[in-house]
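Everything below concerns the one structure shown next.
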Amino acid sequence: MKGRITVPVGIERISFYTPRYMLPLRELATARGADYDKYRIGIGQEIMAVAPPDEDVVTMAASAAIPMQEDFQAVELVLFATESSIDQSKSAGLFVHGLLGLPQRCRVVELKQACYSATLALRIALQTVAANPKAKVLVLASDIARYELGSPAEPTQGAGAIAMLVSATPRLVTFDPAAGIHAEDAMDFWRPNYREEAVVEGKTSTRLYLHALQKTWEHFHEQTGCLLADFDYCCFHTPFTNMAAKAYQILQKIQPPETPKPDENSFAQRVEPSLQYNRITGNTYSASLYECLACLLDQAPNDLTDRRISFFSYGSGCTAEFFSGTILPGYKQHLCTDQHREVLEERTPLTVRQYEDVFNLAVPHDGWDYTFGQYRTGPFRFAGVSGHKRIYARNE
Ligand code: HMG
């Protein structure tokens, strides 16, 4: 197959976590005087995850990594991708390192570039393992998407984390070396240090996303000669599922004219199976593309063995990457499908009033000590602040 040089490193396990609370967007539409079809069809979202005050990027990432605990002693590098950073100096990865009891012979760092950083983390992980096949790398991507209450972006909020174990004994996916890349200094979405909510130029951001997709595709196509028809499935960074639909349309449009027309169901077959989790969690920023991969692996109706997947990663500001990979034989035995079903099904729905109360209970910035009330979380919780230190606890 064109452009395909399989390297013997890749993803061994992938696991997703999302908070135990959610808001059905039908309720939000009623409260905001919006037509629910705008959210459900126009944007393509039905439910958004809501993180309670004692859940943050650390607790979500640590919870996501729990299914990999048998491999923790082999982890030599932790890469933590987030744009919901909790400290200007210390990596959120070190809090996770402590909570999970990871080895001290380990490197730990946090990476930031909007929703893109998990893709660079994955690339660094693949290179690290290729250079030292005994090492395993824990890639964590964890974010809470917050926009202003009542803003057009509000129904695209969400929260969640992905953990990926990258090793020289991949069980799920290997990646091809070629990548189409793009960077440009733009202001489509950003969050100044003094704000809890992102600032976004919504229409500019969707245009830039599609422009970056086109640029990365051109670069990828130049290197590999691949066409869209060479891929069985397409995973996109998904801020809301209709964005993935727009992305797929653009990819179809920019194929050479002699390319055979894909059949009418091609979006349903190639993209839709990766979108089911996103539709009911909302945007998980850095985790979003890999949440789509986890969803595809769990939910695709057909056997994915040897199926070729394209990936598009986008981070506002902006950087983007188009790359590809292949699903490995036996992948089904190494999935966390049951945990994902449980975490998605056993969520507590909030009323709009409860969601707004939780939204407004931001971590205080006054430097005083606080103990937080206990909400439902996964195995870990952010218990409070003492002497300017964040205190985490393990739930019994
Ligand atoms: P808006 O401007 O209020 O929405 O917010 P709209 O008026 O454009 O409507 C949205 C869609 O709903 C349209 O469809 C309407 O036609 C349709 P489209 O033309 O787009 O196909 N619609 C309806 N459909 C059915 N029944 C109805 C109805 N009414 C309207 N009654 C916007 C949309 C995306 C601007 C807003 O949600 C927003 O600002 N979101 C946040 C920014 C964002 O997610 N951008 C995406 C690209 S940037 C990115 O992905 C990076 C990011 O993840 C951050 C990072 O990198 O860190 C955000």
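Some values worked out for this structure:
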{"read-out": "Number of Lys pairs (Cα under 16 Å; 8 or more positions apart or on different chains) in the chain", "value": "8"}
{"read-out": "The stretch 1-121 - share of DSSP beta bridges that are antiparallel (%, nearest 5)", "value": "40 percent"}
{"read-out": "Relative contact order %, the stretch 202-319, counting alpha carbon pairs below 8 Å whose residues are six or more apart", "value": "38 percent"}
{"read-out": "Rounded to the nearest 10 Å², the accessible area of R341 at probe 1.4 Å", "value": "120 Å²"}
{"read-out": "Computed label-point distance, nm, for sites D357 and A31 using a 7 Å Cα→Cβ extension", "value": "1.1 nm"}
{"read-out": "Accessible-area value, C295, 1.4 Å probe, nucleic acids and ligands omitted, Å²", "value": "0 Å²"}
{"read-out": "Loop GluC sites (Glu not before Pro), the stretch 175-259 (other Cβ atoms within 10 Å of the site Cβ: 14 or fewer; DSSP)", "value": "E184, E196, E258"}
{"read-out": "Over the stretch 10-394, relative contact order from alpha-carbon pairs under 8 Å, at least 6 apart, %", "value": "26 percent"}
{"read-out": "Rg ratio (alpha-carbon, reference 2.2 N^0.38 Å) - the stretch 154-279", "value": "1.20"}
{"read-out": "Prolate/oblate/rounded label for the stretch 10-394 (Cα gyration tensor, a/c 1.5)", "value": "oblate"}
{"read-out": "Anisotropy class of the stretch 71-132 from Cα gyration tensor, a/c 1.5 cut", "value": "oblate"}
{"read-out": "Relative contact order [Cα under 8 Å, 6+ residues apart], the stretch 251-396, whole percent", "value": "11 percent"}
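The values are calculated or read from the model by the stated rules, or taken from the named source; none is laboratory data. Quantities reported herein were computed from a predicted structural model and do not represent experimental measurements. Note that we place each Cβ from the backbone using ideal geometry, even for glycine, and neighbour counts take in every protein chain shown. Note: accessible area is taken over every heavy atom of the protein model, side chains too, but ligands, DNA and RNA are not part of it. Shrake-Rupley method; radii C 1.70, N 1.55, O 1.52, S 1.80 Å.
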